[in-house]
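The values are calculated or read from the model by the stated rules, or taken from the named source; none is laboratory data. Predicted model only: the values in this text are computed from it and were never measured. Neighbour counts are summed over all protein chains in view; Cβ atoms, including those assigned to glycine, are modelled from backbone coordinates with ideal geometry. Side chains included, ligands, DNA and RNA excluded: accessible areas come from the protein's heavy atoms. Shrake-Rupley method; radii C 1.70, N 1.55, O 1.52, S 1.80 Å.
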Amino acid sequence: MARRRGDGSDPYTFDLEPDGDEEVAPARAASGPRTVRAQPRGGSGDGATPSTLLIDLDVEADLDDLDPEPSGPGAAEDDDGSLRRAWDRLRRFLHGRRLVAAVVLAALALTAAVVDTVGDRSRIAALRAAPGGVLDLTDRPRETWRVEAEGGLPGGLVGVVDGVVVVQQRDLLLGVDVATGDSRWRARLPDGTSRCGPGLDLWSGRFHLEPADLIVCVSATAGQGADPDVAGADGAGDGSDTREHSAVTVVDADGTVLATRTVGKSHTMLFPGPGGGLVVAEWVGDAHPPDAAAVERLTVDDLLAGAGDVIDDGYDLRVRLEDATTGDRRWQRTLRFDGTVDPSLCVRWSDDGSASAVDLRGGVQTLVRDQVLWVAGCGIDAWLTADGARLDRAGDPTTFEGFAVEPLAGGGYVTQQDAGLDAGGLFDTADEEASSPTRLLGPDGQTRRTLEGRYLAPLGTDGGGGDVHLVRRDDEVAAFDDDGDERWAAAVPGAGLAVRTGRTAVVVDEERGVHGLDLATGEEVWARDDVFDGIEDPAELGYSPSVVEAAFTDGRYAAFVVSDYARGDVLQWLALDVATGEELWRQEMQTDQWGVHLAVDGHLVRWTPTAIVGLG
């Protein structure tokens with residue numbers, strides 16, 4: 001007779017792995033189960049534990065158990081038509097079970113595909129936004145496009161908006177498709193453009209173009225019109241306006257000029273700011289000028305070495321962040337003069353590079369780094385959040401002594417001083433003890449924890465692992481969470497963190513060894529001391545001991561860029577499997593001049609003073 005519900009008969013068994021290559025087992029005997037098994041992606045399936053769906057669908061067994069021929073006493077008198085109709089109804093019922101199973105399987109497969117697609121989209125979005133994140137490092141890099149300079153000057157890399165790298169060429173903005181090198185748009189700016197931003201951070205050595213929704217440009221223009229505060233020949237306030245004016249231009253992702261407005265200040269005191277903002281600086285307060293005789297005796301070398309107490313007073317700097325489009329004020333704060341700041345910022349320099357005079361209202365400098373704003377000038381050295389909160393503290397070393405602030409991926413900031421910084425901005429591990437403690441700050445700028453050791457900022461990430469922070473402490477690498485609680489410590493004298501993925505930290509030690517550390521536990525998964533064999537040690541040639549110039553990751557592989565100093569303008573590219581340390585490829589590239597490599601919207605780009613090159 002037919003099998004009942006709950007019977008112990010064998011069901012059909014389906015092992016579902018949506019991305020595998022299906023392998024169908026040989027046909028079973030009529031009474032046994034049939035298995036459809038999908039192998040895991042990239043593996044043989046040996047030893048794997050599949051995700052198994054059991055569906056009670058032994059249709060053939062049901063049919064075998066059912067004898068359509070009438071038997072028993074009185075069978076001859078059964079109505080053949082009634083039996084045939086019953087048989088047809090049963091077949092339709094069993095067919096319905098097959099259909100339901102097919103629908104269930106199709107729904108499960110579709111769900112798996114949707115989950116996989118959503119996961120891929122999230123991974124790609126994270127890679128595009130991450131410093132050093134590249135979509136695919138499977139193949140060796142090669143030049144895929146080149147944009148030569150117009151007039152020998154490509155200008156600065158301004159930012160990246162919606163897959164477009166924005167380049168400034170004097171009074172023109174170019175939107176270059178980072179995948180193809182095609183020109184997507186051009187935007188003409190007012191004559192005399194001085195700067196556009198947010199810009200490229202060249203100071204930290206971790207080259208990264210700040211993702212932005214808007215590009216802000218500041219242009220110098222001549223003052224025009226009447227100024228009621230400027231007296232005319234008759235003493236009335238209708239004289240010509242001799243003040244310098246500036247034009248502020250805001251451009252969106254498709255090259256549309258959203259706004260151009262006039263600001264009654266010198267372009268030397270206006271700067272592109274974070275979040276489509278405009279930084280407006282103004283010297284305020286009173287100051288006693290330095291002793292003229294003492295200043296006359298100062299040389300440039302004296303100033304660069306520290307002019308001591310010659311410049312002991314100066315002006316305060318009022319900093320305001322405006323909406324660049326509307327001019328609405330977001331915040332304002334006054335930065336107090338600090339006589340311990342590098343006095344060379346109080347010097348006006350002539351065109352030939354010599355010091356011409358002391359200027360207590362000298363030039364102001366700014367830098368935007370991942371929503372962090374740095375402002376410097378005569379007696380001014382401040383790190384601020386995009387909301388204007390102060391991140392440095394009284395008594396901290398100055399930026400010119402190696403102090404810096406790094407934004408953290410999960411929110412918050414880390415501050416520290418690398419007192420061992422050499423002239424090239426690279427860390428000398430021999431001076432590690434001179435470095436100041438590391439501070440972990442919350443998003444509001446308040447200190448959460450002070451850590452002993454030097455923070456290891458990754459050169460490249462895939463957007464994951466942002467809640468684990470690595471610190472070089474004595475001869476080990478220690479990991480901390482966002483609250484500063486220690487997670488683990490590994491006996492690796494890490495000189496730098498080349499790559500951090502969601503699972504692995506790739507650390508380079510003082511002897512140029514490379515280590516793969518499990519980000520969750522600190523376990524050393526793999527280690528290699530031969531990665532840089534054949535490449536001249538820069539320390540032996542009088543350079544910094546830092547061997548890796550740039551590093552990138554797609555989450556599976558880590559790619560390093562290393563200069564072969566002994567061979568001149570030769571770059572060595574090499575890629576390792578992040579999980580195993582195995583070498584994937586190695587590539588030698590000839591360069592004709594100095595440049596920097598960076599990841600822009602998930603693509604590799606090389607910038608030089610005369611060209612921008614896409615590497616695919």
Taking all protein chains as present, what is the carbon and sulfur share of the accessible area of the stretch 468-533, in % to the nearest whole number, probe 1.4 Å? 37
Considering amide H positions built from the backbone, and no H for Pro or chain starts, which residues 5 or more places from residue 331, or on another chain, come under 5 Å of its amide H? 321
Taking R0 as 60 Å, what's the FRET efficiency between residue 120 and residue 244 from their Cβ-Cβ distance, rounded to 0.05? 0.70
